[in-house]
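What follows is a set of notes on a single structure, which appears directly below.
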Amino acid sequence: MSLIANISSLQSALSTQKDQLLQRAGEGTKESRENAKIEKAGKDFESILLGNWLQQAENSFAKVPGGDGQEDDEDAGKDQFQGLAMQSLATSLTASGGIGIAKMITKHLLASSEKATESVTSNSVRAAQRANVASPETRTR
């Protein structure tokens with residue numbers, strides 16, 4: 001009987017350890033997915049911002065004073081294609097390192113996320129401690 005009890009307790013301990021390892025692996029994956037989302041958001045923001053700046057610069061510097069005035073009649077879709085080209089250029093610039101806005105945003109958002117996680121964790125611990133203090137019957141059981 002003691003051999004069966006030992007095997008049963010070993011199986012239980014192994015199952016508990018397996019569950020803990022799987023939970024830790026899931027948390028790490030979840031954290032890395034969250035970090036990837038934050039990095040993507042920073043890069044997307046920088047890309048949109050750069051595209052907007054490039055488009056405004058194109059609009060400002062493309063029209064030379066004293067021109068012959070026929071530039072407006074050239075192509076009806078010119079502005080749309082220039083906008084797409086500027087956004088594509090901005091996306092390429094951001095993908096190759098950009099000007100640092102994405103890194104700053106990512107750094108700030110990661111720090112904010114860590115603070116929020118720490119706050120939630122500490123609040124959960126405090127709530128659990130209050131629950132244990134409020135109901136001493138659960139501790140004695």
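Structure above, values below:
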item: Pairs with Cβ under 7 Å, 6+ apart, first in the range 68-91 and within 8 Å of G51 (Cβ to Cβ), second modelled with pLDDT under 85; result: M86/E58
item: Qualifying residue in the range 126-137 (condition: modelled with pLDDT under 75 and under 30 Å from I38 (Cα atoms)); result: yes
item: Any hit, the range 99-122, residues being surrounded by fewer than 10 Cβ atoms within 10 Å (Cβ to Cβ), of a type outside the set (F, W, Y) and at pLDDT 85 or above; result: yes
item: Test result for F61, of a type in the set (F, W, Y) and at pLDDT below 90; result: yes
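Matching residues to (1) under 26 Å from T91 (Cβ atoms); (2) charged (D, E, K, R); (3) at pLDDT 80 or above:
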| position | (1), (2), (3) |
| --- | --- |
| A5 | no, no, no |
| L14 | no, no, no |
| T29 | no, no, no |
| R33 | yes, yes, yes |
| A36 | yes, no, yes |
| L50 | yes, no, yes |
| W53 | yes, no, yes |
| G77 | yes, no, yes |
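The values are calculated or read from the model by the stated rules, or taken from the named source; none is laboratory data. As the structure is a prediction and not an experimental result, all values here were calculated from the model. Cβ sites come from the backbone with ideal geometry, for glycine too, and all protein chains shown count toward neighbours.
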